[in-house]
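The values are calculated or read from the model by the stated rules, or taken from the named source; none is laboratory data. Since the model is a prediction, treat every value here as computed from it, not as a measurement. Here the Cβ is made from the backbone with ideal geometry for all residues, glycine too, and neighbour counts use every protein chain on show. For the accessible areas, the whole protein counts, side chains as well, though only heavy atoms, and no ligand, DNA or RNA atoms are used. Shrake-Rupley method; radii C 1.70, N 1.55, O 1.52, S 1.80 Å.
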Amino acid sequence: MVLRALPLALLTLLVLLPQGAAAETTARIIVQRDSGLSASERAGIRADVGGELVDILSVPRTEVIEVPRARLASALRELRNNSDVALAQRDRPVRAASNDPEFGKLWGLHNTGQPAYNFNGTSTYTGTGDADIDLPEAWTMSSGTGITVAVVDSGVKANHPDLSGRLLSGRDWVDGGAPEDEDGHGTHVTGTIVANRDNGLGIAGVAPRASVTPLRVLDENGFGWTSDVVDAFQVAGEQGIRVVNASLGFVGPDDLERQVIADHPNTLYVTAAGNAGEDNDDAEVAEYPCSYTLVNVLCVAATNANDAKPAFSNYGENSVDVFAPGLGILSTANTGGYAVMSGTSMATPHVAGIAALLLARNRSLSTTQLKSVIINTVDQRSSLTPISVSNGRVNARAALASVPANRDGDGLGDDSDACPDQAGPLAGCPDADHDGIPDSADNCPTVANSGQQNTDGRADGGDVCDRDRDNDGRPDTSDACPTVYAVTANGCLPPPPPNRDRDGRIDAIDACPTEYALTKDGCPLAALTGLSTKPRKRGVRRSVVVKASTSRAARVRILLQRKKGRKWVKVKRRTLASQRNRVQLTVKRLKRGRHRIVVAVYSNAGLGGSATRYFKVR
């Protein structure tokens with residue numbers, strides 16, 4: 001369900017976040033010494049790691065030193081092993097202010113009680129201070145760097161200036177080609193997640209250093225097919241994308257959709273509760289995919305700037321997990337500017353953005369942990385009780401503060417990790433040859449030699465690696481296939497897996513292992529082998545019977561249209577699964593005039609073909 005509002009011109013103002021200093025040649029370390037050291041002893045500690053004094057803090061026995069950036073990992077390791085050092089940690093840069101001119105209008109991110117837009121953006125009302133997700137405070141802990149969110153929606157305005165650098169290549173199920181947004185809904189959702197921060201333009205997204213993969217399943221009218229949504233969910237899961245934003249839905253469950261979501265437990269599907277103002281706990285009106293009882297579905301309802309539920313938002317004590325800002329939300333528009341929209345569709349990307357922030361802070365979080373953290377750190381409000389699982393509105397700061405920073409996912413917190421951006425076993429640093437010496441300090445990181453002696457007797461004496469003709473990282477002396485590149489236990493290529501039909505897809509992942517087919521699942525496309533339309537008239541009642549046959553099991557989409565003036569208008573749309581390779585659809589209560597049937601055949605292999613038949617109803 002999609003609720004729209006009128007487009008609005010530019011807007012707002014922002015706040016904080018450290019940015020990496022990767023291009024700098026030096027790095028800073030905070031050092032706290034044990035008491036009783038003389039000045040010469042303190043200088044000796046600095047000299048041992050090649051450091052220079054930068055500042056002495058008012059914190060007792062604490063100073064800041066500067067070391068060559070290439071020596072940061074080894075300097076931290078040496079300092080932490082020094083019995084005269086009580087603490088050694090990196091000194092990170094912090095940015096104090098933002099220049100996004102419209103941030104002040106994003107009440108959902110930072111609410112000071114400023115005027116907030118109403119449903120369609122034509123007027124404002126007074127918000128309540130702190131009825132927000134505490135995003136500026138969260139940004140001091142994470143900005144979403146390195147995390148990808150899949151947005152299953154109407155596509156995105158690819159050249160929007162406030163989304164520059166934030167978009168990855170996506171896919172279009174509607175028209176093929178690039179997933180360009182003709183509706184505006186997907187662009188608005190995307191901006192809430194990843195609009196750039198500190199770029200002097202418009203707004204900022206919840207996770208402004210994350211990326212979005214747009215998966216277009218909705219057309220210019222916001223209409224789409226369940227089968228396309230399911231396929232997009234499958235693609236996101238197969239690509240290993242950890243967060244999917246699904247600001248869409250329909251009443252009633254779909255077995256295939258539920259199965260695909262359940263098949264990808266490492267992906268969190270963040271979904272909209274719906275905009276009918278109804279209780280999703282009621283099976284008669286429940287919105288899906290929100291209402292699936294799956295551990296990797298997180299359902300989001302909407303709040304206004306006073307932490308209350310707007311009339312349009314669905315709710316559910318058992319089916320809706322959390323609330324998030326969703327009334328009068330300003331974000332990017334497919335015009336290239338900005339617009340205000342309302343709905344649980346707008347609340348959902350706030351939560352998808354928080355999930356991206358959490359994963360960027362701690363990549364070791366499982367999907368279950370990720371969902372649990374978001375639910376258990378809400379700001380509980382009496383106005384939202386008991387109409388959701390959490391009884392509250394999400395809080396990014398509280399969520400991030402509840403998990404230790406572990407960006408590389410190696411289980412060692414960043415503050416004690418000498419290599420926080422590289423997973424590894426030695427004080428958090430990589431050790432490819434497992435010889436107890438981190439790669440950065442190992443004179444031959446691919447060959448175990450803990451003593452670092454020159455065992456091969458090379459004249460330069462600076463490398464203990466033996467000859468490695470195939471450059472696979474295994475020296476010839478221990479490589480069973482020294483001229484064949486293979487990163488395996490014995491240095492040889494394993495035998496190829498079975499591929500009986502020789503279509504390039506191995507049998508283990510080929511749905512039709514004995515039939516040659518260069519398709520998504522390895523099966524031949526299902527073809528339309530027959531199509532007939534039989535108009536009928538009994539008295540004043542007019543109907544048509546549509547029969548279609550297919551070459552193999554498939555889903556058949558049938559669109560019946562009537563000619564009205566110069567246009568074809570929809571009469572009925574149905575998607576049927578073939579039974580014994582046949583489908584039949586009877587449409588009653590037809591009006592007189594020209595009609596046409598447009599039929600398309602789909603299977604897991606892809607689109608198999610389509611056909612159109614014209615007929616008259618007299």
Exercise. Provide the per-residue ³J(HN,Hα) series for the range 220-234, in order, calculated from phi with Karplus coefficients 6.51, -1.76, 1.60 and θ = phi - 60°, each as a whole number of Hz, with x at glycine and proline positions.
Key: 5, 9, x, 9, x, 10, 4, 4, 5, 4, 4, 5, 5, 4, 5
Exercise. Let me know the shape class of the range 335-388, please: from the alpha-carbon gyration tensor, a ≥ b ≥ c as square roots of the eigenvalues, rounded when a/c is under 1.5, otherwise prolate if a/b is greater than b/c, or oblate.
Key: oblate
Quiz item: Magnitude of the Cβ-charge dipole of the range 136-175, K/R +1 and D/E -1, about the Cα centre, nearest 20 debye?
Solution: 100 debye
Self-check item: Fraction in percent of alpha-carbon pairs per bin - 20 Å, the chain
Solution: 17, 40, 32, 9, 2, 0
Quiz item: Just how far, in whole angstrom, is the range 185-256 from the range 521-590 if you go by their alpha carbon centroids?
Solution: 31 Å
Quiz item: Residue by residue through the range 564-571, which ³J(HN,Hα) values in whole Hz follow from phi under the Karplus form 6.51 cos²θ - 1.76 cosθ + 1.60 (θ = phi - 60°), with glycine and proline marked x?
Solution: 10, x, 9, 10, 9, 10, 5, 10
Practice problem: Show which lysines lie in cross-link reach of residue 547 when reach means a straight Cα distance below 17 angstrom and same-chain residues fewer than eight apart are skipped. | Solution: 534, 572, 588, 616
Quiz prompt | Sites residue 250 and residue 516 - FRET efficiency at Förster radius 30 Å, r taken between beta-carbons, to 0.05 | solution = 0.20
Exercise. Per DSSP H run of n ≥ 4, the term is -39500 (n - 2.57); total these for the chain, divide by its residue number, and report the mean residue ellipticity at 222 nm rounded to 500 deg cm²/dmol.
Key: -4000 deg cm²/dmol
Practice problem: With both partners inside the chain, how many of the DSSP beta bridges are antiparallel, as a percent to the nearest 5? | Solution: 70 percent
Quiz item: With each pseudo-label sitting 7 Å past Cα toward Cβ, what's the residue 259-residue 469 distance in nm, one decimal?
Solution: 5.2 nm
Self-check item: Shape of the range 95-174, Cα gyration tensor, a/c cut at 1.5
Solution: oblate
Exercise. Find how much the distance from residue 547 to residue 168 grows on full extension, using 0.36 nm per residue of separation minus their present alpha carbon separation; answer in nm with one decimal.
Key: 132.2 nm
Self-check item: Largest to smallest accessible area among 502, 573 [probe 1.4 Å]
Solution: 502, 573
Quiz item: How big is the gap, in Å, between the Cα center of the range 272-301 and the Cα center of the range 358-423?
Solution: 23 Å
Quiz item: Any idea of the accessible area per residue across the range 113-169, 1.4 Å probe, to the nearest Å²?
Solution: 36 Å²
Practice problem: Report, to the nearest whole %, how much of the accessible area of the chain belongs to carbon and sulfur atoms, 1.4 Å probe, protein only. | Solution: 50 percent
Quiz item: Among rounded, prolate and oblate, which fits the range 50-193 when a ≥ b ≥ c are the square roots of the eigenvalues of its C-alpha gyration tensor, a/c under 1.5 means rounded, and a/b larger than b/c means prolate?
Solution: oblate
Quiz item: Amide H neighbours of residue 432 under 5 Å, counting only residues 5+ apart in sequence or on other chains, H built in-plane at 1.01 Å?
Solution: 439
Exercise. Compare the peptides 481-489, 309-317, 294-302 by average per-residue count of other Cβ atoms within 10 angstrom and give them in order, highest first.
Key: 294-302, 309-317, 481-489
Quiz item: How many nm is it between the label spots at residue 38 and residue 405, if each spot is 7 Å from the Cα in line with the beta carbon?
Solution: 3.7 nm
Quiz item: If r is the Cβ-Cβ distance from residue 580 to residue 221 and R0 is 25 Å, what FRET efficiency results, to the nearest 0.05?
Solution: 0.10
Practice problem: Rounded to the nearest 10 degrees, what's the angle between the helix 344-361 long axis and the longest principal axis of the chain, both from Cα atoms, 0 to 90? | Solution: 20 degrees
Quiz item: In Å, what is the Rg of the alpha-carbon atoms in the range 140-296, and how long is Dmax?
Solution: 15.4, 48
Quiz item: Simple spin-label model, 7 Å along Cα-to-Cβ: residue 293 to residue 480 in nm?
Solution: 5.1 nm
Quiz item: Taking the mean number of other Cβ atoms within 10 Å as a proxy for protection, how do you rank 162-169, 126-133 from highest to lowest?
Solution: 126-133, 162-169
